[in-house]
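A quick write-up on the structure given underneath.
The values are calculated or read from the model by the stated rules, or taken from the named source; none is laboratory data. Just so we're clear, the structure is a prediction, and the values are computed from it rather than from any experiment. Counting neighbours? That spans all protein chains shown, and the Cβs are built from the backbone with ideal geometry, glycine included. What goes into the accessible areas is simple: the full protein's heavy atoms, side chains included, and nothing from ligands, DNA or RNA. Shrake-Rupley method; radii C 1.70, N 1.55, O 1.52, S 1.80 Å.
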Amino acid sequence: MGALEAQDHLQMVDRILSRAEEPACLNGGPFIIWGVVGAAMDLAVQVVFLQKGPPSLFWLPAILVACAIVFMVFFAARMAKRGRRGVLDRHIGNVFVIAWIVALIVMLLGAHIFTEWAQGAVWSLMFGSAMLFCGLLTRSRISFTGGAAVILSIIAANFAYPYAGYILAAGFLIGMSGAGVALTLARGNG
Amino acid sequence: MDELLLSKIRLGAIAELLSSEWITFPTLVRSLGTTNGNLGAHLLKLVDAGYVNEEKTFVDKRPQTRYRLTRRGREAFKKHVGEMQTLLRKAI
């Protein structure tokens, strides 16, 4: 191989790798649905425990969780039809699965340690951190800002404790679902 | 230098697979701007050398062939690119 041919091959490799470094296009759908689920859980806890609402209200977030899981099954099937699965896609999937599993373990098995709003805060912390990570990984300002908003809602809830559920719910709706809507609109315009 | 990677198509296929967990055959054909037959023959050599894994799956009841880069293929690519860079530096 001559120097000219080597240069040609290296330029081709550079082109292919530069293309791969472009930010992965985050999908807004999962953000929207899990933001709504998180908000519904916080609102249900606020209304049932602090405002003595009927416990049957807990069915609403439970139904939404079931809907979100069904949505994710179809979403995963649609992703499998694509021609390529990037390493970034795998990392994004893994980080949200880990966030979801940790939050679920805390909710189901950590009720004595994570009492009152701690469970809601853990959900916000896990999903907010996952969004921050995805924002950094894919250089997506929308995901990063949304994640920051979800985490900031924990601090705001801490200083307005009687309304913690409303504030954490607003964090999920604005930070996560809002980011999902913005990502969907950005994709549509792109 | 790695003789298998002297081919531009094979080198391009490895570079495409480097940043992906897997890529389907038609996507690789489009990305590399080649023909099915040509790419099929090149990929066969990469699979035989253990640089690339071939997986046959079904999506919507249709067969789908996916390719993944192996650790051996990744190492070979890094070494080959390093050697090409050395060659270029010496020539300049």
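Please determine whether any residue of region B:28-46 is open to solvent by less than 30 Å² (accessible area, probe 1.4 Å), within 11 Å of chain A (Cβ to nearest Cβ) and either more than 19 Å from A:L4 (Cα to Cα) or of a type in the set (A, V, I, L, M, F, W, C) (or both).
The answer is yes, given that some residue of region B:28-46 is open to solvent by less than 30 Å² (accessible area, probe 1.4 Å), within 11 Å of chain A (Cβ to nearest Cβ) and either more than 19 Å from A:L4 (Cα to Cα) or of a type in the set (A, V, I, L, M, F, W, C) (or both).
For region B:6-35, give me each residue that is out of contact with any Asp or Glu (no Cβ under 9 Å at 6 or more places or on another chain) and not hydrophobic (A, V, I, L, M, F, W, C).
Within region B:6-35, B:S7, B:R10, B:G12, B:E16, B:T24, B:P26, B:R30, B:G33, B:T34, B:T35 qualify.
Can you work out which of the residues in region A:46-90 that are among the aliphatic types (A, V, I, L, M) and farther than 26 Å from A:G28 by Cβ is modelled with the highest pLDDT?
A:V47
Under 8 Å between Cβ atoms, at least 6 apart or on separate chains: pull out the pairs that start in region A:85-114 with a residue that is away from chain B (no Cβ under 14 Å) and end on any residue that is open to solvent by 80 Å² or more (accessible area, probe 1.4 Å).
Within 8 Å, the pairs are A:V95/A:F133.
Residues B:T86, B:T57: which one is closer than 19 Å to A:L17 by Cβ and either part of a loop (DSSP other than H, G, I, E, B) or within 11 Å of another protein chain (Cβ to nearest Cβ) (or both)?
B:T86
Matching residues to (1) modelled with pLDDT of 90 or more; (2) touching a Pro at 6+ places or on another chain (Cβ under 9 Å); (3) under 18 Å from A:P61 (Cα atoms); (4) surrounded by 15 or more Cβ atoms within 10 Å (Cβ to Cβ):
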| position | (1), (2), (3), (4) |
| --- | --- |
| A:I92 | no, no, no, yes |
| A:V97 | yes, no, no, no |
| A:W100 | yes, no, yes, yes |
| A:V106 | no, no, yes, yes |
| A:T115 | no, no, no, no |
| A:A130 | yes, no, no, yes |
| A:R139 | no, yes, no, no |
| A:I142 | yes, no, no, yes |
| A:Y161 | no, no, no, no |
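Working only within region B:1-27, note down all residues that are open to solvent by less than 30 Å² (accessible area, probe 1.4 Å), of a type outside the set (S, T, Y) and part of a helix (DSSP H, G or I).
Hits for region B:1-27 are B:L5, B:R10, B:L11, B:G12, B:A13, B:I14, B:A15, B:E16, B:L17.
Residue-by-condition table, conditions (1) on the phi > 0 side of the Ramachandran plot; (2) open to solvent by less than 60 Å² (accessible area, probe 1.4 Å); (3) of a type in the set (K, R); (4) within 14 Å of chain B (Cβ to nearest Cβ):
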{"site": "A:Q11", "(1), (2), (3), (4)": "no, no, no, yes"}
{"site": "A:D14", "(1), (2), (3), (4)": "no, no, no, yes"}
{"site": "A:V48", "(1), (2), (3), (4)": "no, yes, no, no"}
{"site": "A:K52", "(1), (2), (3), (4)": "yes, no, yes, no"}
{"site": "A:L64", "(1), (2), (3), (4)": "no, yes, no, no"}
{"site": "A:C67", "(1), (2), (3), (4)": "no, no, no, no"}
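For a quick check of your reading of the model, give me the residue pairs whose first member lies in region B:62-80 and is more than 24 Å from B:M1 (Cβ to Cβ) and open to solvent by 70 Å² or more (accessible area, probe 1.4 Å), whose second is basic (K, R) and part of a helix (DSSP H, G or I), with beta-carbon atoms closer than 8 Å and at least 6 apart or on different chains.
From residues that are more than 24 Å from B:M1 (Cβ to Cβ) and open to solvent by 70 Å² or more (accessible area, probe 1.4 Å), there are no pairs.
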